[in-house]
Amino acid sequence: MNTRQTRTLRTIGIGLIAASVAGFCLARTARAEHETTFVPRARGASTRLGPTHAAALQNPATLRFERNQGQFDAAVKYAARGRGYGFYLTSESATLALTRGKAAPGGRATGSRLPAEFEQATVSMRVVGARAVEPSGHATLPGASNYFIGSDSAHWKTGVESFASVVYEQVLPGISLVYYGTAGRELEYDFVLDPGADPQAIELAFEGVEQIGITSDGSAVLELLGGDQLRKAPPVAYQTNARGERVAVASSYQLRAGNRVGFKVGNYDRTRGLSIDPVLLYSTYMGSSAFDQAFGVASDSSGNSYIAGYTSSNLFTLVNPYQAGIAGGGSDAFVAKFDASGSLVYSTYLGGSGADQAYAIGADVAGNAYVTGVTFSTNFPTFAPLQAAAGGKQDAFVTKFNADGSALAYSTYLGGSQDDYAQGIAISSSGGAYVVGVTFSTNFPKSAALQGTLNGTSDAFVSALTPSGSSFSYSSYLGGSASEAGYGIAVDGSGNAFIAGSTGSNNFPVASPLQAVFGGGDLDGFVSKLNSTGSSLLYSTYLGGNSTDEALGIAVHSSGAAAVTGYTASSNFPTHAAPQASLGSLGHTDAFVSRFSAAGNALTFSSYWGGSGDERGTGIGVDSLNALYMVGFTDSSNFPTLKAIAGLSTYQGAVDGFATAYDAFGTLAYSTYLGGSDEDRAAGVSVQSASGVTHIVGNTRSTNFPTQGAPIGHLLGSQDAFLTRLPGVAALAVPVSSLSNLIFLGGLLLGAGLWSVSLRRKRAA
């Protein structure tokens with residue numbers, strides 16, 4: 001089975017959760033003792049593993065299955081390693097190797113970095129009656145491992161690949177087995193059944209286990225040698241019916257002779273194609289008793305979410321605020337930071353005596369937040385400003401908060417004597433802020449400008465601030481003789497800036513273009529790439545057809561491939577390898593998603609996305625595997641869905657948000673409505689590169705917007721902001737046989753962090 005075959009699969013998810021999501025922890029029955037970290041060690045390994053190259057260190061959000069190229073015992077085909085365990089796959093079995101340091105006498109640590117003595121626990125699992133299968137890795141992960149063992153370079157292993165999942169095809173007739181990791185680095189396994197295959201045929205045998213029991217709550221408890229225990233939570237099963245609704249399927253563990261476990265499954269529809277669905281990791285309202293609107297979202301590698309928008313209420317939800325009260329003017333910007341668990345780190349007003357609105361937010365590796373938008377205030381809060389006073393009636397602003405939101409690193413106006421406003425921001429690896437927006441000012445602040453004058457009624461602008469915020473790296477107009485607007489910006493690792501927006505000019509500046517001329521209608525989208533100094537266009541192109549088109553969001557992969565979303569009313573919008581090759585309905589608009597080649601002169605993927613009503617793509621992100629994540633809103637009752645969130649496969653209200661993801665090949669991974677019975681609009685998305693976890697913000701008027709783990713679980717005013725997190729494509733894309741219609745989600749074997757094996761010593765007899 002090749003990777004492309006895995007992209008069109010029909011599956012049913014039956015979750016047989018094998019361990020607590022909370023992770024494994026050590027406990028003693030007699031008394032609490034010192035707990036030390038397990039050290040992973042291969043069973044029977046004859047050599048000690050050498051150091052790994054930095055690029056292949058454990059991804060904090062993706063479990064890596066490393067192919068054996070001689071760095072492990074010859075029987076091992078793939079290995080995965082986490083904090084406190086090693087997991088080794090052979091042709092016939094899976095082995096979990098746990099090694100921990102013994103506690104020092106009296107429960108105190110010895111003081112050395114590594115314990116002097118070790119205790120080991122090893123558990124192996126095999127499928128009874130299975131044929132020996134050569135497992136295959138799927139979804140190559142970025143980075144490679146290098147092993148430099150000893151002084152003889154002939155024994156060194158370099159360029160060792162890692163994969164997101166490992167598949168055992170047809171271990172039993174009609175039954176395959178898949179191991180993979182979730183976005184949180186939990187280890188899971190699935191059984192995949194072809195039509196007609198019997199779930200009763202699956203039987204698991206364990207070595208290193210004295211006996212197995214079933215508790216009153218349905219959990220399976222494996223008594224390990226020496227008296228330790230491995231507890232596997234009760235199985236969970238579901239099936240999706242013709243209406244896209246999740247239907248529970250009865251399932252339970254079944255004890256069999258000889259330390260064996262099987263599964264018992266109730267009735268289900270064996271003829272229907274079914275799927276593993278994305279789930280809401282977290283979803284909450286955010287707002288006040290009045291009107292609130294969110295536009296911008298950012299995330300970091302730790303899983304924090306950063307939101308920016310505006311509120312008209314003096315009762316906005318505040319936590320550790322920098323500015324504790326609304327300053328006036330009808331609205332103030334707000335800035336909020338949620339940690340990975342969904343708790344508010346801070347939430348604050350930001351504004352002066354006029355109206356202030358935040359439209360975009362970015363974050364750096366230190367957790368600092370960078371906010372931009374528009375202010376009508378002459379007393380907007382400034383600190384170490386690049387521009388201390390307003391230039392006109394409305395100016396853009398750029399404000400940098402420290403990690404806990406308690407102080408400003410800098411805050412400045414940005415504008416000329418006419419109207420200026422910022423709509424996008426991106427942060428470089430060094431902490432430089434790149435801002436894009438619209439200006440009507442002939443004296444907009446410029447520095448090392450590619451284009452030094454306003455060419456039309458309005459132009460886009462691009463301003464790159466140094467990390468201190470005290471000066472520009474460059475600041476320039478970008479536009480033709482009509483009108484332009486800059487909406488989105490992204491920055492790659494080399495400091496090149498990618499800009500998306502719209503233009504009405506037939507002389508917009510182009511360079512190495514995909515589309516050299518204006519396509520027609522009122523507006524075309526544009527996509528431009530500036531070099532790191534802002535001195536030249538590496539490429540710049542129109543993007544549009546015979547009607548109105550606007551590019552509203554942009555993201556860039558580490559390969560240099562830019563992904564763009566927006567909306568189009570054109571019947572001839574440029575497409576390539578499109579899941580939807582034509583406009584959903586003439587006279588309406590569809591969202592679009594387009595991925596450019598690194599050179600910018602070709603499309604590697606481009607598609608319409610919508611139904612018979614109107615859609616708009618508002619934000620886009622990419623992960624490290626080059627999967628695409630698009631959000632927006634729709635009023636189509638036939639918007640295309642796949643693997644939708646439970647209960648959200650059908651149109652919910654007057655306007656619904658949507659979230660859609662495509663894998664690296666452009667194949668649809670999931671597509672779901674996101675909303676309640678009133679108006680809901682997704683406004684922006686940020687993607688954690690390593691895991692693909694998507695952080696989505698938007699606005700809702702629905703009292704029944706879907707929430708999960710929410711600190712605010714109900715609508716507070718006429719409209720509230722919302723924050724929703726969804727898992728990445730890699731966590732959902734489990735490779736299986738194209739004929740399969742049933743999966744046993746063999747479940748969570750290992751959680752990230754501490755063990756969820758409860759190791760308990762027996763009392764002395």
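The values are calculated or read from the model by the stated rules, or taken from the named source; none is laboratory data. Since we're looking at a predicted model, the values are computed, not measured. Here the Cβ is made from the backbone with ideal geometry for all residues, glycine too, and neighbour counts use every protein chain on show. Each accessible area value is taken on the protein alone, full model and side chains, heavy atoms only, with ligands, DNA and RNA left out. Shrake-Rupley method; radii C 1.70, N 1.55, O 1.52, S 1.80 Å.
Taking a Cβ cut-off of under 9 Å around Gln652, the surrounding Lys, Arg, Asp and Glu residues balance to a net charge of -3, with basic ones at +1 and acidic ones at -1. Accessible surface for the stretch 537-647, divided over its residues, is 28 Å² per residue with a 1.4 Å probe. Under 5 Å between amide hydrogens, built in the peptide plane, is the criterion, and for Ala409 it picks out Lys400, Phe401, Asn402 among residues at least 5 positions away or on other chains. How large is the Rg to Rh ratio of the stretch 385-438 when both quantities use alpha carbon positions and Rh follows Kirkwood? Looking at the stretch 385-438, the ratio lands at 1.00. Gain on full extension, evaluated as 0.36 nm per residue between Ser417 and Thr457 minus their Cα-Cα distance, stands at 13.0 nm.
If R0 is 51 Å, what FRET efficiency do you get for Gln708 and Ala154 from their C-beta distance, rounded to 0.05? Efficiency at R0 = 51 Å is approximately 0.45.
Relative to one another, the C-alpha centroids of the stretch 361-423 and the stretch 659-674 are positioned 35 Å apart. Dividing the convex hull volume of the alpha carbon atoms of the stretch 523-606 by its residue count gives 87 Å³ per residue. Annotation: amide H-H contacts under 5 Å for Ala449 (H modelled 1.01 Å from N, sequence separation of 5 or more, or interchain): Ser475. Annotation for Glu161 and Asp522: the two label points, set 7 Å from Cα along the Cα-Cβ direction, are 5.0 nm apart. Each residue, Ala389 and Thr215, gets one label point 7 Å from its Cα in the Cβ direction; the gap between the two is 7.0 nm.
Given a Förster radius of 30 Å and the C-beta distance between Ala257 and Ala75 as r, what FRET efficiency does 1/(1 + (r/R0)^6) yield to the nearest 0.05? The calculated FRET efficiency here is 0.65. Once the chain from Asn402 to Ala602 is taken as fully extended at 0.36 nm per residue, the excess over their C-alpha distance is 68.0 nm. Simple spin-label estimate for Asn506 and Thr140 gives 4.7 nm between the two label positions (7 Å along the Cα-to-Cβ direction from each Cα). Backbone phi angles across the stretch 420-429, fed through the Karplus curve with coefficients 6.51, -1.76 and 1.60 (θ = phi - 60°), yield HN-Hα couplings of 9, 8, 9, 10, x, 8, 9, 10, 7, 5 Hz in residue order; Gly and Pro are listed as x. Applying 1/(1 + (r/R0)^6) with R0 = 35 Å to the Cβ-Cβ distance of Asn572 and Thr650, what FRET efficiency is obtained, to the nearest 0.05? According to the calculation, E is roughly 0.70.
The amide H of Tyr346, built 1.01 Å from its N in the peptide plane, has Lys337 as neighbours under 5 Å, considering only residues 5 or more places off or on other chains. For the stretch 655-661, putting each phi into the Karplus relation 6.51 cos²θ - 1.76 cosθ + 1.60 with θ = phi - 60° gives couplings of 9, 10, x, 9, 9, 9, 10 Hz, in residue order, rounded to whole numbers and with x for Gly and Pro. Couplings 3J(HN,Hα) for the stretch 449-454, derived from phi with the Karplus relation 6.51 cos²θ - 1.76 cosθ + 1.60 (θ = phi - 60°), are 6, 5, 10, x, 10, 6 Hz, where x marks Gly and Pro.
Expressed as a whole percent, the accessible surface of the stretch 329-369 that belongs to carbon and sulfur atoms is 51, based on a 1.4 Å probe.
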